[in-house]
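Data first, discussion second: the structure below is written as structure tokens.
What follows is calculated from the coordinates using simple rules that are stated; it is not laboratory data. A quick note: this is a predicted structure, and the numbers were derived from the prediction, not measured. Please note: Cβ atoms are built from the backbone with ideal geometry, for glycine as well, and neighbour counts cover all protein chains shown.
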Amino acid sequence: MVSSPPATPAFLRLAAHPLRWRLLSELAASDYRVRELVELIGQPQNLVSYHLRLLRDGGLVTARRSSHDARDSYYHLDLDRCAHALAATGAALHPALRLSPARPPALGLSPHGPALSLAPPSNAPGTTPARPAHAPPTVPAPPQAASPAARRPRVLFACTGNSARSPIAEALLRHRTGGNVETVSAGSHPRRRLHPDAVAVLREHYGIDVRDQHPRHLDTVSGRRFDFVISLCDKVREAFPDFPGSPRRLHWSIPAPATDPTAMPDAAAMPDPTAMPDPTAAGSAARPGFASTGAFPRATPPGAFPRTIPPFARTAAEIDTRIHYLLPILMPQEARS
């Protein structure tokens with residue numbers, strides 16, 4: 001008797017299309033608007049929008065309304081959800097290819113779920129038992145600083161006021177790399193001081209003290225050479241000065257935590273980021289939390305935590321997650337070791 005062929009994993013069905021793979025590849029590094037993706041990929045806007053909709057329905061891509069122009073939306077690839085999807089794809093082919101969640105997200109939380117590693121499951125023989133769920137979150141120790149002769153990557157983070165998002169990113173990247181990356185932040189219209197909630201989140205949850213830091217203007221760093229220039233708000237992206245050396249420009253569309261009016265869903269209503277159902281199973285499209293095309297549970301918008309999580313903690317956790325995926329780009333040698 002011939003057995004029925006196994007269903008193709010949902011991630012493979014979505015990512016295997018050449019145009020969708022191009023979209024995933026572009027969004028893996030930076031958030032973009034539709035018209036920018038059209039220019040990057042060289043395909044008609046209606047075709048790009050169609051495939052973006054499929055990726056959104058599949059739970060891999062989210063859209064966030066621009067804080068600079070509400071007529072625009074920025075698209076963001078949920079890399080943590082992609083990691084879980086890849087894990088499910090490997091396990092569908094052979095049990096030995098199953099990946100296991102390993103990275104402890106900041107605050108014990110992440111906007112998109114935990115990342116993955118090639119480590120065996122925590123209950124495998126010879127492994128250390130997982131940290132109990134009730135244990136307080138831990139912040140990994142930063143790596144040792146590079147030797148003075150090593151060329152450190154230079155990164156600039158920018159937002160409008162340089163009082164919350166960009167200084168949080170600056171502090172977290174410096175902490176996560178132990179000084180192996182030269183990082184600075186600035187703003188197009190800097191505030192008089194850092195937001196006290198940003199200072200408190202960094203101190204209480206990450207052990208980082210930035211009380212003596214003050215916002216700076218973009219003009220004060222406009223003549224410096226950077227390898228990466230990363231904007232964290234939509235408004236400042238349009239006001240970037242020219243930097244020498246043609247740095248790589250990335251955009252992380254993150255609302256200001258002090259003014260973001262976005263309503264956050266209740267925890268009970270949020271989909272399980274580890275659930276990877278069979279999209280071809282009968283009735284799966286009609287189940288709550290699934291798109292009509294059949295895919296993964298819809299991705300939670302970046303930063304969408306339960307309402308009990310303060311907005312500055314949500315913002316810091318999202319930035320920390322994005323930095324986690326930036327590190328292998330900044331320091332590829334360390335990522336391969």
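Enumerate by residue number the trypsin sites (Lys or Arg not before Pro) in segment 168-198 meeting two conditions: DSSP loop (anything except H, G, I, E, B), and at most 14 other Cβ atoms within 10 Å of the site's Cβ.
Those that pass, being in a loop and sparsely packed, are 191, 192, 193.
Using 7 Å Cα-to-Cβ label points, what is the residue 217/residue 8 separation (nm, one decimal)?
Once both label points are built, they end up 5.6 nm from each other.
Per residue, what volume in Å³ does the Cα convex hull of segment 30-87 take up?
In segment 30-87, the Cα hull volume divided by residue count equals 90 Å³.
Using only Cα atoms, locate the centre of segment 227-247 and the centre of segment 155-222, then give the distance between them in Å, rounded to an integer.
Taking the Cα centre of segment 155-222 as reference, the centre of segment 227-247 is 15 Å away.
Would you please put 321-331, 180-190, 219-229 in order of how densely packed they are, using the mean number of other Cβ atoms within 10 angstrom per residue and starting with the highest?
Packing order, densest peptide first, comes out as 180-190, 321-331, 219-229.
Around residue 229, under 12 Å between beta carbons, what's the net of Lys plus Arg minus Asp minus Glu among the other residues?
+4
May I ask for the net charge around residue 85, where only other residues with Cβ less than 11 Å from the Cβ of residue 85 are counted and Lys, Arg are +1 while Asp, Glu are -1?
So the surrounding residues net to 0.
Which residues' amide hydrogens lie under 5 Å from the amide hydrogen of residue 73, considering only partners 5 or more residues apart or on another chain, with H built in the peptide plane?
Here the answer is 34, 66, since their amide H atoms fall under 5 Å of that of residue 73.
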